[in-house]
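What follows is a set of notes on a single structure, which appears directly below.
FYI, it's all coordinate maths here, none of it is from the lab. Since we're looking at a predicted model, the values are computed, not measured. Heads up, the Cβs are rebuilt from the backbone with ideal geometry, glycines too, and the neighbour counts pull from every protein chain shown.
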Amino acid sequence: MDQFSHYRREFLEQIILSEKQILIVEGFLKLAETHGVPNVTMQKLADELKISLGSIHYHFGNKDGPSLLDCAILHVSQESIKYINFYIERALSNGSFEGISSYIQVLYDFCRNYPHHGRLWLYFYYLSIFESKERENNQNYIPLMRNRIEQVLTLSVGKGIYPKLKNLTQLSQKIHYTIIGALILAGGDKKDPLFKEAQINAIESSIALIKDHEEEA
């Protein structure tokens, strides 16, 4: 078990996709990145993937099961966690781990390398404001993200990267807001100069927050 396994597993294990379902979800994500989520129809997706409309409905048309959008959101969350865990563990093993800076770097790299995932991730935050169903999912996902940041901070203190910190839960929540706020303002587009600037600002702001939460000697 890796050092970032203390997340809410029930959220991550809500869905296991077949290879065909992953193909359809990935096609949906790429179309959504180009055309916007609300503009992707099942027919456009079928045409893009060169499969029948019936095949998409077969895999995602069950009234008792999650919708294509629900599956896409859960797929992105699962893939982001696998990506982040892998690279954080690698940084720990090769000695390049630098606390919250490493976490933010990996998170932004995920959005760079998988922009169709990153865009939907940001759209999910948008949906959670207006859609009651996604708001319910968001109540599971936000604590998951905040807990992971708290684990990074705890690990960093243990490795001597930061001194002892107070109010870790409050600090991790502030850092989470900083990271996501910067990503949303940057639009999730790696080609936009704001994206790199957002990453730098997120790191600098998070380090400043950490300093404010250092325990007095």
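Among GLU215, GLU150, GLU197, which comes first, then next, by fewest other beta-carbon atoms within 10 Å?
GLU215, GLU197, GLU150
Please compute the volume of the convex hull spanned by the alpha-carbon atoms of region 9-212 and report it per residue in Å³.
So the per-residue Cα hull volume is 129 Å³.
Holding the Cα-Cα limit at 25 Å, pick out from LYS50/LYS190; LYS30/LYS50; LYS166/LYS190; LYS20/LYS82 the pairs that are longer than that.
Distance filter (> 25 Å) returns LYS50/LYS190; LYS166/LYS190.
Taking amide H atoms as placed 1.01 Å from N in the peptide plane, list the residues 5 or more away in sequence, or in a different chain, whose amide H sits under 5 Å from that of LEU165.
Placed amide hydrogens put GLU215 under 5 Å from LEU165.
Using amide H atoms built in the peptide plane, which far-off residues or other-chain residues are under 5 Å from VAL40 H to H?
none
Could you put ARG90, ARG119, ARG146, ARG112 in order, starting from the residue whose Cβ has the fewest other Cβ atoms within 10 Å?
If I rank by nearby Cβ atoms, fewest first, I get ARG90, ARG112, ARG146, ARG119.
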